[in-house]
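Here is the structure we will look at.
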Amino acid sequence: MMRRGSALLLALVLIAPAADGEELAPVAIAQAMRQVRHSDGFAARMNITLVAPTGQRALPIKISIVGQIAAARERLVIRGIAPERIRNRFIAAERSGDGPIRAVTYRESAAAAPAPADSFIPIFDSNLVVWDLFAPWWSWPEPHLGGSARVGEDDCVNVRLHTESAASPIREVVSCVDPNRHLSLRTQLFDGRHSPVRTILVEEAMRQASGRVAARKFSITGADQAVTEIEVYSGDEDYRVSSGTFAALDTPAATGNQPDHAMP
Amino acid sequence: MNLLSLAFGNIYRRPARAGLTVSAISLGIAAVVALTGIAWGFEASWQKANDARGTDLIVTRIASENAMPSPFRAERVQEALKGYPHVQQVVGLLSEMLSVGEGSPPVFVFGWAYGSYLWDHLKLVDGRWASADTEPVVVIGSLAAELLHKSVGDRLEIEGQQFSVAGVFESPAAIENGAVVMSLTLAQQILDKPGKVNILNVKVDESATPADLAQFKSQVRATLPGFVAITSGELVGKNTVVRISKAMSHATILIAGLVGALVVFNTMLMSINERTREIGILLTVGWQRRTVMQLVFYESVILTLAGGLIGILVGIAITGILEHMEVMRGKIDAVFSPSFLVAVVGLSVLLGIAGGLFPALKAARLRPAQALWHE
Amino acid sequence: MIIHTNDRFARHWAACPGRGSAAPASIAPFRFTSRTGLPPPHGFRYKMNTESFPEAIVRARALALHFDDGDTQALNGVDLAIRAGEFVAVVGPSGCGKSSLLNIIGTLEAPTTGEVFFRAQPYSGIRDPSRFRRQHIGFIFQSFNLIPTLCALDNVLVATIGTPGTASEKMARARDLLAKLGLENRLAHFPNKMSGGERQRVAIARALINSPDLILADEPTGSLDSANSAAVLTLLTDIQKERGLTVIMATHDPSVSARADRIVAMRDGQIAPSPEAAP
Ligand SMILES: Nc1ncnc2c1ncn2[C@@H]1O[C@H](COP(=O)(O)OP(=O)(O)O)[C@@H](O)[C@H]1O
Ligand SMILES: [Mg+2]
């Protein structure tokens, strides 16, 4: 338990204890935000509620996310818990270094091999996107500061990042970081035409046993104004990753199986 | 005719004002009584839960203030603890607040090591216990059965897995009555926390003395860095719910105290201004200044005492109503100890003295010749 | 120096055993009024036998009472001696300072300057004026000053709170007194259900309940019609005689002051020269 557990959650949600004397240089912030995600193993369970632009709320779904994050390799497995229609549907994804993100979907009991998936597909019809969980923007070149802002009750500093990679549907990210808690309070994602695609907003954070601060409640608002509300109800900073945890990523994927955009 | 009957008479003949004052004080006291009773109830309930389980000490991970306690791998610590003197059993416990089934409020789900002493204090009222560690069944508290509308044989979905309700139990602790209990192994499996627990319950033998428990604690501190051993009483004191509710009751006592004293202050001051002439007469016929003060004190204390006694009744009534409300079921189990109620009465007398102090001084300082001509 | 005397005092003095009728009028009582007089004997508190030792029960010296930083001078240099057992009427126009004088003698008000002696004990040395009032003084006022929310009996009893004695004994005393004043059928009546004369009799009972030595009556008949006035006055003089009380009564009604042993006239805060006063 003395192991250096990473703050659970996802890119968007992670932060580190304040590094002493760290300057507010954008490169340093990006570096710290990458660093703080590192974990030998974490697990989190969350309730996800979809709120339509009309305000209509769907019944919440429960998922679990397990991950292991190091500089060289980053792996995540998302599992549907409830209700029945998403039960034991999995999405696994990995990324080596700063390379591309590879995702597969599978079912525990299904004999079929994992099917390749698009890392930009929404998870279980929500605004939660596998690609976002990796927060790849923190390794994009030349981040720069965009002035300070206020999100809710907290002050934060905007960090602007962008990529030239035409392959990425997200080309620009503005993340408002609380430099003391290393928590990104608001992350805005834009496409190649500078149109907003979605915004991730932290509503409630908690300090974990390790001292790191993670989001407990956050929301993701899409361009269509549909909102996904996410609440973490259980967490483990010290998850023991077993050999089977990410096995699906090592199984050769069935080819010719196009990603199912409506799914998993 | 004596000072006390005169004080009663003075209050009695201003029924409207006395009524308002007494109601204001009794509301404050009622809030104090209700909140404190509930806070103590929480504490007593946790204490009962611990006592009933027969747990002498619990060992858990040191968590920083305001942090979510996180589960830990039990194995190494458990083995170490088993070697400590007087230790009989070391039993893992994993708990989580989970919503079970759609639309129902979250309940406590406990995982207790199968076959351990923890189960001994539960009284089965219906059905049966699990017959094996991994049998996919749960037992539920009588209150949980009511809240979840489940009975023996029904199915319960917890974290996407189906369990059937094998039995319904009753526990001396309200918290357990509202909980779902399964074997530790099952809990670890559904929560994907294999080998992990929140706390380790330690049961020591009969011969262990308080000194032995203290020794146990320092041994944990010395040999298991990052862990702490707490007696069940200390644990209850550290419980967040208990702490918050106690802090709330303390704040209420403070606010109700201030408001009560102010109300008395205002009432007595007004009454004394109205009765300036009367006080002049009393001084003229030879009343001592301290007798005048005494009269004012008696009146304020009678007011607060009445407020206090009514407040206690109202407070107990409020708590009773809360306890029977659907949303509150099983969450409160208020405790009103006689000594607490005596203390509340004492508090109201203090209010009377505090609120009456300045008016009494003012009354006693009146110059009789001036007071006599006061209209 | 103003010396008051009257026939009655002279009779007392003459009747005093061991003293010749030729005793100079300037000794004993008068010596106390002298500014150069001896200090009063220490601990002079026992009740004096007024018959055998006629003595100034109250003596005021150079009393001044100023209000509003001296703009109003209610009293302006009053010297006065009252002998035990005397019935003295203080007369004078409204505002001349009668009430002020009685209030100071009653310790309800402290003089701006000057001193009052009660049986040679200076007021400035009284540590507990309440106790002093309770033991020695009874008050009667023009406006009765009854407590409106207490019945007649309780209005009398309220003066016994804090005095020694049992409740039943106090109760018996109050009933006796009220009966004596003709109020035996009014015990449970509240002031607003009683006539002015009845009210004043309740006030007299209250003034008497602690067996005072001195009654201070400030316009006691001022609110009463002539019949009631006469009745109240008769009661007062009867009791005074029966108990050997000293009474100082302020009034501006000549028919009332006529009942007094002696009249002290006041004007503008001072004692006015009176035909009765000695040269
Ligand atoms: N408390 C007071 N403040 C100011 N002036 C007063 C007060 N009491 C009495 N006086 C004034 O002192 C004077 C004497 O009053 P008082 O002794 O009541 O006279 P009397 O009783 O002869 O009518 C009056 O001019 C009165 O207005
Ligand atoms: Mg007057």
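Things worth noting here:
- Amide H contacts of A:ARG171: A:PHE190, A:ASP191, A:GLY192, each under 5 Å away and 5 or more positions distant or on a separate chain (H built 1.01 Å from N in the peptide plane; Pro and chain starts excluded).
- Pairwise label distance in nanometres, B:SER151 with B:LYS123, each label 7 Å out on the Cα-Cβ vector: 2.0 nm
- Relative to its residue count, the protein assembly as shown spans a Cα convex hull of 281 Å³ per residue.
- Seen against the Cα atoms of chain A and their longest principal axis, helix A:26-35 is set at about 40 degrees.
- Each Lys and Arg Cβ is given +1 and each Asp and Glu Cβ -1; about its Cα centre, segment B:45-191 then shows a dipole of about 260 debye.
- Assigned charges on the beta-carbon of Lys, Arg, Asp, Glu; the protein assembly as shown dipole about Cα centre (debye): 3140 debye
- Pairing chains A and B buries close to 2100 square angstrom of accessible surface in total, based on protein heavy atoms and a 1.4 angstrom probe.
- Probe 1.4 Å, accessible area per residue of the protein assembly as shown, Å²: 44 Å²
- Summing Cβ point charges (Lys, Arg +1; Asp, Glu -1) relative to the Cα centre of segment B:214-285 gives a dipole of roughly 360 debye.
- Of the GluC sites (Glu not before Pro) in segment A:129-220, those whose Cβ has at most 15 other Cβ within 10 Å and which sit in DSSP loop: A:GLU153, A:GLU164
- Separation in nanometres of the label points that stand 7 Å from Cα toward Cβ, at A:LEU24 and C:GLU169: 8.7 nm
- Chain lengthening between C:GLU115 and C:ASP68 when straightened (0.36 nm per residue, less Cα-Cα): 14.9 nm
- Phi angles of segment B:312-325 translate, via the Karplus equation with coefficients 6.51, -1.76, 1.60 and θ = phi - 60°, into HN-Hα couplings of 4, 4, 4, x, 5, 4, 4, 4, x, 5, 4, 4, 9, 7 Hz per residue; Gly and Pro are given as x.
- Each label was represented as a point 7 Å from its Cα along the Cα-to-Cβ direction; for B:GLU135 and A:ASP224 these points are 4.9 nm apart.
- The eigenvalues of the Cα gyration tensor, multiplied by 5 and square-rooted, give segment B:179-220 an equivalent ellipsoid with semi-axes of 30, 13, 7 Å from largest to smallest.
- Global form of segment A:6-262, assessed from the alpha-carbon gyration tensor, a/c cut-off 1.5: rounded
- Paramagnetic reach from B:ALA52 (point 7 Å along Cα→Cβ, amide N under 12 Å) across segment B:149-189: B:169-179
- Options C:LEU150, C:GLN270, A:ALA223, ranked by Cα towards positive dipole end of the protein assembly as shown, top entry (Cβ charges): C:GLN270
- Once the chain from A:GLU204 to A:THR54 is taken as fully extended at 0.36 nm per residue, the excess over their C-alpha distance is 51.6 nm.
- Centroid-to-centroid, using Cα positions, segment C:149-175 and segment A:111-179 are 91 Å apart.
- Computed FRET value (nearest 0.05) for C:ILE126 with C:ARG243, which takes r as the C-beta separation and R₀ as 41 Å: 0.95
- Remark: accessible area buried at the C-B interface is about 2000 Å², both chains counted, probe radius 1.4 Å.
- Furthest towards positive pole of dipole, B:SER249, B:PHE216, B:GLN189, structure part chain B, Cβ charges: B:SER249
- DSSP-loop trypsin sites (Lys or Arg not before Pro) across segment A:174-239, with at most 15 other Cβ within 10 angstrom: A:ARG193
- Near B:SER142: Cβ cut-off under 9 Å, other residues only, Lys/Arg at +1 and Asp/Glu at -1. The net charge is -3.
- The string of couplings for segment A:96-107 from the Karplus curve (6.51, -1.76, 1.60, θ = phi - 60°) is 9, x, 9, x, x, 9, 10, 10, 9, 10, 6, 10 Hz, one whole number per residue in order, with x for Gly and Pro.
- With every protein chain in place, segment B:57-230: carbon and sulfur % of accessible area (1.4 Å): 53 percent
- Förster radius 60 Å - calculated FRET efficiency between B:LEU262 and A:ASN88, Cβ distance, rounded to 0.05: 0.45
- Across peptide A:44-53, the average count of Cβ atoms from other chains found within 10 Å of a residue's Cβ is 1.
- Cβ-based charge dipole, segment B:1-106, positive-most Cα from B:ALA52, B:ILE11, B:ILE29: B:ILE11
- Sites B:ARG367 and B:GLN161, calculated FRET efficiency, Cβ-Cβ separation with R0 56 Å, nearest 0.05: 0.10
- Formal net charge of residues neighbouring A:ILE65 (Cβ-Cβ distance under 9 Å; K, R +1; D, E -1): +2
- Cα-based helix-to-principal-axis angle, B:240-274 vs chain B, degrees rounded to 10: 10 degrees
The values are calculated or read from the model by the stated rules, or taken from the named source; none is laboratory data. Note that the coordinates shown come from a computational prediction; the quantities given were computed from them, not determined experimentally. Positions of Cβ are backbone-derived with ideal geometry, glycine not excepted, and every protein chain shown enters the neighbour counts. Ligands, DNA and RNA are excluded from the accessible area calculation, which covers all protein heavy atoms including side chains. Shrake-Rupley method; radii C 1.70, N 1.55, O 1.52, S 1.80 Å.
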